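Notes follow the structure.
Every number in this text was worked out from the coordinates using simple rules, so none of it is lab data. This one's a predicted model, so the numbers in the text were calculated from it and none came from an experiment. Methodologically, a virtual Cβ is constructed for each residue, glycine included, from the backbone with ideal geometry; neighbour enumeration extends over all protein chains shown.
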Amino acid sequence: MTMLQSQATTPAQLLSETRRLSGLTTRELAALIGVSHSAIARWERGEGEPSASQFVRWARATRQPLDQMIEGLSSCTPWDSNPEPTD
């Protein structure tokens, strides 16, 4: 599956999808990227985002072409599009 075929609608879903497709656990991916497994879990829940260099390492670790990962992101809602609820 390429990222262009992804059904992810948020960056967090895209990250989670690519990790699962690669067969890596959060701990395994964290070790490859050089972050804690809780950081991976937070990013996959949309509670933060990887830096640009961490995003590149994520693509490499999950064996996804970087250009397709970026293309996948371009079809998602932005990282910071979690608006505060209004009354």
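Under 17 Å from a label point 7 Å along Cα→Cβ of SER75: give me every residue in region 17-51 with its amide N that close. Under cut-off, by backbone N: 17-19, 21. Mind checking region 25-62 for GluC sites (Glu not before Pro) that DSSP puts in a loop (not H, G, I, E or B) and that have at most 13 other Cβ atoms within 10 Å? For GluC sites (Glu not before Pro) across region 25-62 that sit outside H, G, I, E and B with at most 13 neighbouring Cβ atoms in 10 Å, the list reads GLU47. From the residues ALA59, THR9, SER22, which one has its Cα farthest along the dipole of region 7-74 in the positive direction, the dipole being from +1 and -1 charges on Cβ of Lys/Arg and Asp/Glu about the Cα centre? The residue sitting most towards the positive pole is SER22. Among ILE40, ILE70, the order by Cβ neighbours within 10 angstrom, fewest to most, reads ILE70, ILE40. If you wrap the tightest convex hull around every Cα atom of region 7-74 and split its volume per residue, you get 73 Å³.
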